[in-house]
Structure formats: structure tokens, C-alpha cells
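First the structure, in the form of C-alpha cells, and then the observations on it.
The values are calculated or read from the model by the stated rules, or taken from the named source; none is laboratory data. This structure is a prediction, so every number in the text was calculated from the model and none was measured. Positions of Cβ are generated from backbone atoms using ideal geometry, with glycine treated the same way; all protein chains shown enter the neighbour counts.
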Amino acid sequence: MGANMPDLSQDQIRAQLESLGFAVFDEDLPEITHRVNALHEALVNLDDPEIDSIEPLPIFWLAEEK
């Protein structure tokens, strides 16, 4: 499994969102922080050692056939 990384703080989440140009409301910050940390925890468990050897596929491959 992937290495455990400490949860991001609300200040870290705010800084990242603001650096991307998103407005962050104080009342939304705890929920956003919780969701980002939960998503990160779930994604770490999807570790696949062979992922770098797989050729990526286009997401919209059906649209390319038209």
C-alpha cells in the first residue's frame, strides 16, 4: 500500500484552492477539507505497482470513432 501522508489542514486546503483561483467560504472549509483527506486516503489504497507500464487510453474513445 502507499505511504501514509498526514491529513491536510484547513489552512493548506484554503491555500491550494486560492492558488487555483477558487473562492473559499469559511463555512465550507471543514467539509471540503474532510472530503479531500478522505479522497486521498481512498486513492492511496489503489496503489498499482504496474501502473507505469500501462499505456493510457483516451477517455472519450467512442467519440473519436464518429
Helices (runs of 4 or more DSSP H) lying entirely in the range 6-66 (those with 2 or more residues that are touching a helix residue (DSSP H, G or I) at 6+ places or on another chain (Cβ under 7 Å)): 10-19, 29-44
Near pairs, Cβ below 6 angstrom, 6+ apart or cross-chain, from the range 2-23 (of a type in the set (Lys, Arg)) to any residue that is modelled with pLDDT under 95: ARG14/VAL24
Any hit, the range 44-51, residues being closer than 14 Å to MET5 by Cβ, touching a residue at least 40 places away in the same chain (Cβ under 8 Å) and among the hydrophobic types (A, V, I, L, M, F, W, C): yes
The range 23-48, subset of a type in the set (A, V, I, L, M, F, W, C) and exposed (fewer than 11 other Cβ atoms within 10 Å of the Cβ), residue modelled with the lowest pLDDT: LEU46
